[in-house]
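First comes the structure, then the notes that go with it.
Computed from the coordinates by the stated procedures, all read-outs in this text should not be read as laboratory data. All of these numbers come straight from a predicted model, not from anything done at the bench. Positions of Cβ are backbone-derived with ideal geometry, glycine not excepted, and every protein chain shown enters the neighbour counts.
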Amino acid sequence: MKPFITSELFWEFSKNSAALKSKDELIVELKDENGAKASFNLDGKNYLIKNIGFWKAKTIIECNGEIVLSLNRSFLGSKGTIDFTNGAKYECKIHNTPLVTLTFTTAEGQKVVSYRLDISSKPKTTMEINPDIESANDLLMLIILGCFTFKGVTIENTEADLITLLASA
């Protein structure tokens, strides 16, 4: 069972952090270290998420210097692969038309997490989560990776907090 997916999840942004919450419960806080790095604590462990490289750009999450996952992107960045050190693999797709969307899927194409810009009434970012994913740890890491990756779009286009939607694929 995934205890953090019991009700609507949402990210609250402040000047130097983003907090993932479920109602009033803090699940994880992503703290900016600088534009290309952030840190968070989870289950008593300290993690660092950062962008590295240019031609072969990567976003990695590491714990105590050990890589937990790596998002490897092509130079144009519209597709990528996510490799966990536990052997799990996911795919990443970014679409810019008609609006920006970031989607993480299983290797079989099942949607896991997606972030998208929505302008139906006023600009906001929405997040969709598939609660049927087996590994709660993988799901949480992908939610954090998605926030870190999509944060610039969110801040640029959203006046208030990030509104999130809990939805199955």
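Quick look at the values:
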quantity	calculated
For Ile52, net neighbour charge (Lys/Arg +1, Asp/Glu -1) across residues whose Cβ lies under 13 Å away	+4
Relative contact order computed over the range 9-157 (Cα-Cα under 8 Å; 6+ residues apart), in percent	10 percent
Proxy reagent accessibility, fewest Cβ within 10 Å first, across Ser14, Ser114	Ser14, Ser114
Cross-link table Lys23/Lys79; Lys21/Lys50; Lys31/Lys93; Lys31/Lys56, entries beyond 30 Å C-alpha to C-alpha	Lys23/Lys79
